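The values are calculated or read from the model by the stated rules, or taken from the named source; none is laboratory data. All values reported here derive from a predicted model rather than from experimental measurement. Cβ placement follows ideal geometry from the backbone for every residue including glycine, while neighbour counts extend to all protein chains displayed.
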Amino acid sequence: MKLSPDIEIKPIDREHVYYRHIRGRSLIYLEHNVWIDLEEGKYSEVLLLLRELKQRGRILCPLSFATVEELLDQPTQELRERRAALMDELSDGIIIRDPFVREQNEVLSLFSGQNRSQALWEQGYTFAVEFLGDMVIRPADRSLLAQKVAEFCANHMQSANEIRSVLWLVRHLDLGIFHENHKQHLQDYLQRIQADLDETRPKLQAINKANRREHALHEMRMRQFVTYSKYIGKESIFDSQNEPIRATSSERRIFSLIKEHQTTQDERVKRRIIAELFHQIPTVELRHQYYVGAYLGNRNPKPQDFYDVEHLVTIPYVHFFVNADGYVLQTLKATNIPQQCGCEIVPGVSHLLGHLGSLMKV
């Protein structure tokens, strides 16, 4: 039996993850400091309610790649294992997918012809094991034996408890290699952001102070918009009259915005159109909203910025976002994306108690 050289087996069905583990539950996102506080017993009443609601099938506390990365940076193996065990308990090993995957899904779904909100949620989550990378299994060669071995591995993954365990990751990852790679990644990140700030800040000084924020946001959006042309220009999306094929009302709205942007000469109209378009790509727009504050200020980038942004962009995929960081909360005051996505911002663990009490009554 001859096999295609590019055969792939994907053992994780994301729609199954959504419908089996997520649908019907309130999703509560806890940034890393919250997990630390709960594990250390600082908010025992909150933890008691979270456990009770989780046991009733009412809530889930999904993780993110940033949550796992910060966990692995904890100073001792004992702390890592204790906190990983709590994460496994409240998350069921569910992790929100990588933000770049979600960005691609949000852009492509503009022209998908589906219930867009539903489609994004169906593809937005996976199991903790994907922190290590996309779980795609490829046969070693074209032989039938190689295919059977690959299928066996895929079937094992579907039922293995390890794929849903952060604790398993903590115990089996080579943390030396992880820390070295992560350190280099953060250094590259800081250099890239600093270079961008050094180039952008002087240009903003020439803009009227009242207009600097919107100008900086527009520049970021336009830089990103260029990268989406490969999706927007796909022939499969449009018919011979350059109209979306079987377009939904939301697709027609997006298409009309793009068309208007291409034809109008009014710069103010262009900026309004681009702003409206990027509010339909919330993972990216939240990132923009965070960094615009850095452009307008004097603060240099720091490693925590990387984590803060990664936490922030989970907002479109949860119902409650628990975070007490002042800069993050200030960023969120300047945008209506949380309200647009149906996410309640909870400024700290102590403020979560009332929400959990309300969920207990429903």
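Here are the numbers:
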{"quantity": "Residue count, region 92-104 (criterion: out of contact with any helix residue (DSSP H, G or I) (no Cβ under 6 Å at 6 or more places or on another chain) and either over 21 Å from T314 (Cβ atoms) or in a helix (DSSP H, G or I) (or both))", "calculated": "3"}
{"quantity": "Output for region 61-83, where each listed residue is within 19 Å of the chain's Cα centre (by Cα) and β-branched (V, I, T)", "calculated": "T67, V68"}
{"quantity": "Any helices (runs of 4 or more DSSP H) falling wholly within region 13-91 and containing at least 1 residues that are over 20 Å from D308 (Cβ atoms)", "calculated": "14-17, 32-39, 44-55, 77-91"}
{"quantity": "Where a residue in region 22-51 is of a type in the set (A, V, I, L, M, F, W, C) and its partner, wherever it lies, is part of a loop (DSSP other than H, G, I, E, B) and surrounded by 13 or more Cβ atoms within 10 Å (Cβ to Cβ), with Cβ under 6 Å and at least six apart", "calculated": "L27/P62; L27/V318; L27/H319; I28/C61; L30/C61"}
{"quantity": "Tally of residues being surrounded by fewer than 17 Cβ atoms within 10 Å (Cβ to Cβ), touching a residue at least 24 places away in the same chain (Cβ under 8 Å) and assigned to a loop (DSSP other than H, G, I, E, B) across region 337-362", "calculated": "3"}
{"quantity": "Residue in region 262-284 that is closer than 24 Å to S109 by Cβ and modelled with pLDDT under 65 present", "calculated": "yes"}
{"quantity": "Criterion: surrounded by fewer than 21 Cβ atoms within 10 Å (Cβ to Cβ), of a type in the set (F, W, Y) and either under 19 Å from F321 (Cβ atoms) or at pLDDT below 95 (or both) - qualifying residue of Y43, Y29", "calculated": "Y43"}
{"quantity": "Residue count, region 318-362 (criterion: closer than 21 Å to F278 by Cβ, within 17 Å of the chain's Cα centre (by Cα) and among the charged types (D, E, K, R))", "calculated": "0"}
{"quantity": "Subset of region 288-314 that is free of Cβ contacts under 8 Å to residues at least 60 places away in the same chain and surrounded by fewer than 23 Cβ atoms within 10 Å (Cβ to Cβ) - its residue that is nearest to R213 (Cα to Cα)", "calculated": "G293"}
{"quantity": "Residues within region 278-288 that are over 13 Å from H218 (Cβ atoms) and part of a helix (DSSP H, G or I), tallied", "calculated": "5"}
{"quantity": "Residues (within 18 Å of Q304 (Cβ to Cβ) and outside any helix (DSSP H, G or I)) located in region 318-336", "calculated": "F321, V322, N323, A324, D325"}
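Table: residues versus (1) surrounded by fewer than 21 Cβ atoms within 10 Å (Cβ to Cβ); (2) farther than 22 Å from L173 by Cα; (3) at pLDDT 95 or above; (4) in contact with a Pro (Cβ under 7 Å, 6 or more places away or on another chain).
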{"position": "E69", "(1), (2), (3), (4)": "yes, no, no, no"}
{"position": "D73", "(1), (2), (3), (4)": "yes, no, no, no"}
{"position": "A85", "(1), (2), (3), (4)": "yes, no, yes, no"}
{"position": "E103", "(1), (2), (3), (4)": "yes, yes, no, no"}
{"position": "R116", "(1), (2), (3), (4)": "yes, yes, no, no"}
{"position": "E130", "(1), (2), (3), (4)": "yes, no, no, no"}
{"position": "V136", "(1), (2), (3), (4)": "yes, no, no, no"}
{"position": "A140", "(1), (2), (3), (4)": "yes, yes, no, no"}
